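Accompanying notes for the structure given below.
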Amino acid sequence: MQILHSKILGKGHPLLILHGLLGMGDNWITLGRQYAAQGFEVHLIDQRNHGKSFHDDDMTYNELTEDLYNYAQAYNLKKIDLTGHSMGGKTAMFFALQYPELLRKMVVVDIAPKKYPPHHRFIFNTIKKINLSRFNSRREIEKFVLQYIESPAIVKFILKNLARDENKNFVWKANIPILSEALNDLGEALPPLQVSQVPVLFVKGAKSPYILPEDYSLIKAHFPNSAIVVIPESGHWVHAEQPALFFKETLKFLKG
């Protein structure tokens with residue numbers, strides 16, 4: 001059994017944080033330090049096929065949920081708090097249905113329990129155009145990718161997945177072929193009629209289309225003990241776009 005890679009900050013009540021697709025635990029390092037300063041033992045986790053965690057051909061929420069369960073067992077964690085963004089938020093929701101006894105509170109960031117059609121194809125199609133052996137610097141790769149993806153923020157986010165191997169050649173940390181194949185599975189809805197009583201805060205970016213007003217009833221159906229907070233002037237990466245407001249709202253919930 002393989003255990004997920006993580007970076008652990010601080011001491012206190014365990015707070016596990018799950019990144020989204022093509023992310024990694026390190027994306028949350030600044031917020032992680034802030035939670036640690038407030039008395040949490042923060043676990044910044046790399047999910048399978050991401051960051052420094054193991055690569056595997058299977059990439060469904062069943063495996064992602066079991067990975068998280070195995071991680072909690074390996075570290076002997078009881079009654080954890082769990083935060084997940086996007087794909088990580090879906091993992092958290094599936095986990096809350098499967099292992100509610102392990103959870104105290106949960107924060108789900110900008111994702112609903114519904115089915116999402118694959119909408120990251122353009123990112124993976126762009127990544128597949130990059131012949132890493134042709135480039136000598138990150139800047140060269142960045143300029144190449146900006147021809148296909150206009151947003152510098154998204155390009156910088158994607159290129160955080162670049163690393164150098166022992167021969168100083170560029171490689172991807174994320175398992176790009178498997179993630180690309182898994183896009184349908186990663187859009188999966190929660191099973192109908194399944195309910196968790198875990199207290200949950202859903203955080204929506206005001207400018208993001210991921211959670212719509214018509215999704216609120218589905219959220220309440222699965223998580224009757226939930227609340228929704230909308231963070232102004234933010235999109236899907238609400239925690240990165242409005243970190244101070246995000247921290248204030250989530251800390252109030254976790255400490256409340």
Some residue of segment 175-186 being in a helix (DSSP H, G or I) and without any contact (Cβ under 8 Å) to a residue 40 or more places away in the chain = yes
inquiry  = Step by step: first the residues of segment 187-211, then only those that are outside any loop (DSSP other than H, G, I, E, B) and of a type in the set (A, V, I, L, M, F, W, C), then the one that is nearest to Ile80 (Cα to Cα). Which residue is that?
reply    = Val200
ask   = Taking into account only those residues within segment 212-241 that are charged (D, E, K, R) and part of a helix (DSSP H, G or I), which is nearest to Asp26 (Cα to Cα)?
value = Glu241
inquiry  = On the basis of being part of a helix (DSSP H, G or I) and within 26 Å of Asp165 (Cα to Cα), does Glu140 make the cut?
reply    = yes
task = Go through segment 64-106 residue by residue and tally those that are within 13 Å of the chain's Cα centre (by Cα) and of a type in the set (Gly, Ala, Ser).
result = 5
ask   = Of the conditions (1) of a type outside the set (A, V, I, L, M); (2) surrounded by 11 or more Cβ atoms within 10 Å (Cβ to Cβ); (3) closer than 24 Å to Phe94 by Cβ, Phe170 fails just one. Which one is it?
value = (3)
query = Under 9 Å by Cβ, and 6 or more places apart or on different chains, what pairs join a residue from segment 105-129 that is in the same structural domain as Ile228 (by TED's automatic domain parsing) and on the phi > 0 side of the Ramachandran plot with one that is surrounded by fewer than 18 Cβ atoms within 10 Å (Cβ to Cβ) and at pLDDT below 95?
reply = Asp110/Gly235
task = Write out, first by first residue and then by second, each pair whose Cβ atoms fall under 7 Å of each other, whose residues are 6+ apart or on separate chains, and whose first residue, in segment 193-221, is over 22 Å from Phe95 (Cβ atoms) while the second is among the polar types (S, T, N, Q).
result = Gly205/Ser234; Ala206/Ser234; Lys207/Ser234
note = By residue number, the members of segment 110-137 that are under 25 Å from the mean Cα position of the chain (by Cα) and assigned to a loop (DSSP other than H, G, I, E, B) are Asp110, Ile111, Ala112, Pro113, Lys114, Lys115, Tyr116, Pro117, Pro118, His119, His120, Ile130
note = Of the residues in segment 236-256 that are free of Cβ contacts under 8 Å to residues at least 40 places away in the same chain and either surrounded by fewer than 20 Cβ atoms within 10 Å (Cβ to Cβ) or in contact with a Gly (Cβ under 6 Å, 6 or more places away or on another chain) (or both), the one that is farthest from Leu18 (Cα to Cα) is Gly256
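The values are calculated or read from the model by the stated rules, or taken from the named source; none is laboratory data. On a predicted model such as this, the values are computed, not experimentally measured, just so you know. Every residue, glycine as well, gets a Cβ built from its backbone with ideal geometry; the counts of neighbours run over all protein chains shown.
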